[in-house]
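One structure is given below, encoded as structure tokens.
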Amino acid sequence: MRQLKEICNKWIPFPGFLAMMLFGVIFKRQEYCGTPTRKSTINHEGIHLCQALDFVGGIEKLQILGFIIFYLLYFIEWIIKLIISLFTLGKVQAYRSISFEQEAYDNQYNYHYQDTRKHWSWMKYIFKLIWKS
């Protein structure tokens, strides 16, 4: 499991979220800084780092390019799944239906996943929707 640097602040991520990985750094909301970050959260955000590195063949020197591609595709997929959510009258969870998030949530408690993960594993989730119960 990769160890990522943590930065506490009051702007990133959006209210309602605990942490967010941006360019290999975990940004944690100020109100959560007094508590240690759960191992599962660190693993979840580390999986996003692995996903970004998929776009540059795992070459860490090119990771900024991987992040740019990752965030661009993440945003595009979120928009598409948000539109689907509108057509299903909100029965689809746009954020949880993003393929990158599905892979990370499905494996956040598997602390060896980053070591055994196959490149492009998020692709198997691309057409899967998460429905509200």
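For region 57-103, go through all pairs of different Cα atoms, get the mean of 1/r, take its inverse, and jot down that Kirkwood value in Å.
Radius from the Kirkwood sum: 11.7 Å.
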Using a 1.4 angstrom probe on heavy atoms only, work out the carbon and sulfur share of the accessible area of region 65-133 in %. 69
So the FRET efficiency between Gln3 and Ile83, C-beta based with R0 = 25 Å and rounded to 0.05, is 0.10
Excluding Trp131 itself, what net charge comes from residues whose Cβ is under 15 Å from its Cβ, given Lys and Arg +1 and Asp and Glu -1? +4
Can you work out the accessible area per residue across region 57-133, with the rest of the protein chains kept in place, probe 1.4 Å, in square angstrom? 68
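Restricting attention to region 28-119, which chymotrypsin sites (Phe, Trp or Tyr not before Pro) occupy a DSSP loop and are surrounded by at most 15 other Cβ atoms within 10 Å?
Passing sites in region 28-119 are Tyr109, Tyr111.
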Approximate spin-label separation Tyr71-Leu18, in nm, with each point projected 7 Å along Cα-to-Cβ: 2.4
How big is the charge dipole of the chain about its Cα centre, in debye rounded to the nearest 20, if each Lys and Arg gets +1 on its Cβ and each Asp and Glu gets -1 on its Cβ? 240
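What percentage of all Cα-Cα pairs in region 1-71 are separated by more than 21 Å?
Summing the P(r) tail past 21 Å for region 1-71 gives 25 percent.
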With N denoting the number of residues in region 30-133, provide Rg(C-alpha) divided by 2.2 N^0.38 Å, to two decimal places. 1.15
Report the percentage of all Cα-Cα pairs in region 19-59 whose separation exceeds 17 Å, rounded to a whole percent. 34
Under the span-like rule (Cα at least 30 Å along the axis, Kyte-Doolittle mean at least 1.6), DSSP H helices of the chain: 63-87
Under 15 Å, Cβ to Cβ, from Lys118 - net charge with Lys/Arg +1 and Asp/Glu -1: -2
Sum of side-chain charges, Tyr32 neighbourhood, beta-carbon under 14 Å (Lys, Arg +1; Asp, Glu -1): +1
Once Lys and Arg get +1 and Asp and Glu get -1 on their Cβ, which of Gly24, Ile47, Leu86 lies farthest toward the positive end of the dipole of the chain? Leu86
Only loop residues by DSSP count here, and only those with at most 14 other Cβ atoms within 10 Å; note down the trypsin sites (Lys or Arg not before Pro) in region 82-127 that meet that. Lys91, Lys118
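The values are calculated or read from the model by the stated rules, or taken from the named source; none is laboratory data. None of the values given here were measured: they were computed from a predicted structure. No Cβ is skipped: glycine too gets one built from the backbone with ideal geometry, and neighbour counts run over all protein chains shown. Only protein heavy atoms, including side chains, enter the accessible area calculation; ligands, DNA and RNA are left aside. Shrake-Rupley method; radii C 1.70, N 1.55, O 1.52, S 1.80 Å.
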